[in-house]
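Report on one structure; see the data block that follows.
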Amino acid sequence: MVTSMTAALRRPMSVDAFLDWEERQELRHEFDGAAPLAMVGGTEAHALIAGNIAFALRSRLPPGCRIYGSDLKLRMAASVRYPDAMVVCRPASLRATFVTDPVVVFEVLSDSTSYTDRLVKSREYRDIATLARYVIVEQSAIGAMVFERPDWRGQPILGGEARLAMPELGIDIALAELYAGLDFAA
């Protein structure tokens with residue numbers, strides 16, 4: 001009996017099974033296509049940058065577009081993620097717990113998520129038809145890696161004078177705005 005239970009536990013979950021399971025959990029989890037992954041807390045820098053992204057974009061977004069933080073899930077064909085920020089440009093139900101069609105996704109990089117954010121999520125996000133841009137924001141220095149359509153090759157933007165262009169939204173912002181309140185010299 002133990003063998004069959006062990007085998008059953010090793011079977012990958014479906015996205016629907018994960019979403020049903022997560023609703024009953026106290027903690028948030030991402031889903032990598034096979035198993036739930038517990039979400040852990042971040043640093044002060046991570047929280048400041050994520051908040052700055054939302055603040056910098058909120059008043060600049062075109063009508064009909066909204067910025068969401070990491071409380072809303074992004075559901076894909078085989079996985080579920082909690083991006084640090086994402087822009088969605090279509091009406092949504094106020095009761096929705098996930099979206100499927102962001103236009104821009106932001107992840108704030110940390111040591112523990114570097115591999116996943118740079119490689120795994122980049123591949124997952126590339127397959128979202130509506131996604132025009134994926135921005136990986138550095139946490140320890142002013143810089144970002146930007147993946148954009150049509151070629152989806154990572155392009156670095158570095159330094160406080162750099163600008164993050166988002167023509168799909170009709171805006172661009174100074175990269176330094178995402179780092180307001182952080183002092184890297186300290």
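The values are calculated or read from the model by the stated rules, or taken from the named source; none is laboratory data. Note that the structure is predicted; figures quoted are calculated from it, not measured. Note that we place each Cβ from the backbone using ideal geometry, even for glycine, and neighbour counts take in every protein chain shown.
Hey, could you check the stretch 162-186 for residues that are part of a loop (DSSP other than H, G, I, E, B) and out of contact with any Leu (no Cβ under 8 Å at 6 or more places or on another chain) and say which is surrounded by the most Cβ atoms within 10 Å (Cβ to Cβ)? Quick ask: steps written out before the conclusion?
Our first condition is that a residue be part of a loop (DSSP other than H, G, I, E, B); within the stretch 162-186, this holds for 162, 167-170, 180-186.
Pick out the ones that are also out of contact with any Leu (no Cβ under 8 Å at 6 or more places or on another chain) and you get 167-168, 170, 183-186.
Numbers: Pro167: 10, Glu168: 18, Gly170: 10, Asp183: 6, Phe184: 9, Ala185: 4, Ala186: 4.
The extreme case among them is Glu168.
Would the stretch 171-182 turn up any residue that is in contact (Cβ under 8 Å) with a residue 24 or more places away in the chain and out of contact with any helix residue (DSSP H, G or I) (no Cβ under 8 Å at 6 or more places or on another chain)? Break it down into steps so the answer makes sense when it comes.
Of the residues in the stretch 171-182, the ones in contact (Cβ under 8 Å) with a residue 24 or more places away in the chain are 171, 173, 175-182.
Next, from what is left, pick out any that are out of contact with any helix residue (DSSP H, G or I) (no Cβ under 8 Å at 6 or more places or on another chain): 175-176.
The answer is yes, given that some residue of the stretch 171-182 is in contact (Cβ under 8 Å) with a residue 24 or more places away in the chain and out of contact with any helix residue (DSSP H, G or I) (no Cβ under 8 Å at 6 or more places or on another chain).
Mind checking which residues of the stretch 105-126 are in a helix (DSSP H, G or I) and not charged (D, E, K, R)? Write out each step before concluding.
Step one: filter the stretch 105-126 for residues in a helix (DSSP H, G or I), giving 114-126.
If the condition is that a residue be in a helix (DSSP H, G or I) and not charged (D, E, K, R), then Ser114, Tyr115, Thr116, Leu119, Val120, Ser122, Tyr125 are the ones that fit.
How many of the residues in the stretch 56-88 are closer than 13 Å to Leu169 by Cβ and either modelled with pLDDT under 90 or touching a Lys or Arg at 6+ places or on another chain (Cβ under 8 Å) (or both)?
Going through the stretch 56-88, the residues closer than 13 Å to Leu169 by Cβ turn out to be 56-67, 85-88.
Filter once more, keeping what is either modelled with pLDDT under 90 or touching a Lys or Arg at 6+ places or on another chain (Cβ under 8 Å) (or both): 64, 67, 87-88.
Adding up the residues that qualify gives 4.
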**Q.** Test for Glu148: is it over 28 Å from Glu44 (Cβ atoms) and acidic (Asp, Glu)
**A.** yes
Q: Quick one: which residue in Ala34, Ala38, Ala47 is among the aliphatic types (A, V, I, L, M), within 25 Å of Gln139 (Cα to Cα) and surrounded by 13 or more Cβ atoms within 10 Å (Cβ to Cβ)?
A: Ala47
Q) How many residues does the stretch 33-59 hold that are over 19 Å from Val108 (Cβ atoms) and either without any contact (Cβ under 8 Å) to a residue 12 or more places away in the chain or not small (Gly, Ala, Ser) (or both)? A) 2
Q) Considering the stretch 75-104 alone, what residues qualify as being closer than 22 Å to Leu178 by Cα, assigned to a strand (DSSP E or B) and without any contact (Cβ under 8 Å) to a residue 60 or more places away in the chain? A) Arg81, Ala85, Met86, Val88, Pro102
Q) Filter the stretch 86-128 for residues that are under 24 Å from Thr43 (Cβ atoms) and of a type in the set (Phe, Trp, Tyr); which is surrounded by the most Cβ atoms within 10 Å (Cβ to Cβ)? A) Phe106
Q | Enumeration of residues in the stretch 127-161 that are in a strand (DSSP E or B) and in contact (Cβ under 8 Å) with a residue 60 or more places away in the chain | A | Val137
**Q.** Residues of the stretch 120-131 satisfying the condition of being farther than 17 Å from Ala34 by Cα and of a type in the set (A, V, I, L, M)
**A.** Ile128, Ala129, Leu131
